[in-house]
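Every read-out reported here was derived from the displayed coordinates using simple, explicitly stated rules and does not represent laboratory data. Just so you know, these numbers come straight off a predicted model, no measurement behind them. Positions of Cβ are generated from backbone atoms using ideal geometry, with glycine treated the same way; all protein chains shown enter the neighbour counts.
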Amino acid sequence: MTTKVTITGSGYPAPSATRAGPGVLIEANGFALQFDAGRSTVLRLTSAGIAMADLDAVFVTHHHSDHLTGLADIVLTRWVVDTDDGVPALRIVCPAGPAEVFLQRMLDPWEHDLAVRSRHSGRPTRPRIEMVAFECADGPTLVWQEGEVTVRAAEVRHEPVSPAVGYRIETPDGVVAISGDTLVCDEVAGLAAGAQVLVHEAMLFEVIAQRPPANHFIMDYHADSRLLGRQAHELGVETLILVHLVPEPTSAEVRKAYVDNVRAGGFAGDLLIADDLDVVVLGRGD
């Protein structure tokens, strides 16, 4: 068996011609799990060979719009394409609070669309969601388990956004940790302990500091790439994948700055400055 990590979106709120909004797909033991669903997630999943009906669950890190704008698209597309109503309800896992409220209301603006499609096609059903909202205890909390694949969540440091969580995915091939949006913090270290792969947001603080002061607030709740390099080194992570890249690495110079910062922090393992649809595989099954 192998566990496959696909970056379905490496961007941030600013539109990009090549980067979708935040998202990570984990395929393991026959399960397809999507973490966050920013803009264009459906297109990236399709490019990765994943139909919306293939998804077993979607996991939300927090209620910022750039992580959620593609979620209704997943749910609606799953229903529109499944004209026989044979696809089960999509399980969506989220921290209790604002993200939960968003999910409860997510399809309300589409009521007239759903009604006319149902009448025209003679379908008695509407899109089906099984929402699982959880409270985080101290340390990683079990939020999903099927067979040998488990997902745990823990709160991370993205204040004033609360709650915001990261995830730890455990499979027979190893562990993948996903930071969500956060400062470099001990909470992510807890999620990533013993992980082979850490998918973490990253920022070049020195670039943001040169921008007008009105832009500086984003450094309050995002990850400095030098500090991230130090933490990944201390954790002994094998592969570090940088996503949610601010600024976007549109040149070799900016891409090199991310590498230099992470290496200056001490991390010497495999480093990927992610582009959409980049893939990392754990395990080498028969």
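Just a few scattered comments:
- Principal-axis tilt of helix 252-264 within the chain, Cα atoms, nearest 10 degrees: 70
- Close amide H partners of V156, meaning residues 5 or more places away or on another chain with modelled amide H under 5 Å apart, are A164, V165, G166.
- Geometric extent, Cα atoms of the chain - Rg, Dmax (angstrom): 18.7, 61
- A protection proxy built from the mean count of other Cβ atoms within 10 Å ranks the segments 254-267, 171-184, most packed first, as 171-184, 254-267.
- For the range 125-208: rounded, prolate or oblate by the Cα gyration tensor [a/c cutoff 1.5]: oblate
- D by Stokes-Einstein for the range 186-267, Kirkwood Rh over Cα pairs, 10 °C, 1.306 mPa s: 122 µm²/s.
- Axis angle, to the nearest 10 degrees, between helix 71-81 and the longest C-alpha principal axis of the chain: 40 degrees.
- Cα gyration tensor shape for the range 1-154, rounded if a/c is under 1.5, else prolate or oblate: rounded
- Max-minus-min Cα coordinates of the range 22-99 on each principal axis give 33, 23, 22 Å, with the largest extent listed first.
- The range 1-89: chymotrypsin sites (Phe, Trp or Tyr not before Pro) falling in loop per DSSP and having at most 12 other Cβ within 10 Å: none
- Euclidean distance of C-alpha centroids, the range 19-39 and the range 175-218, integer Å: 18
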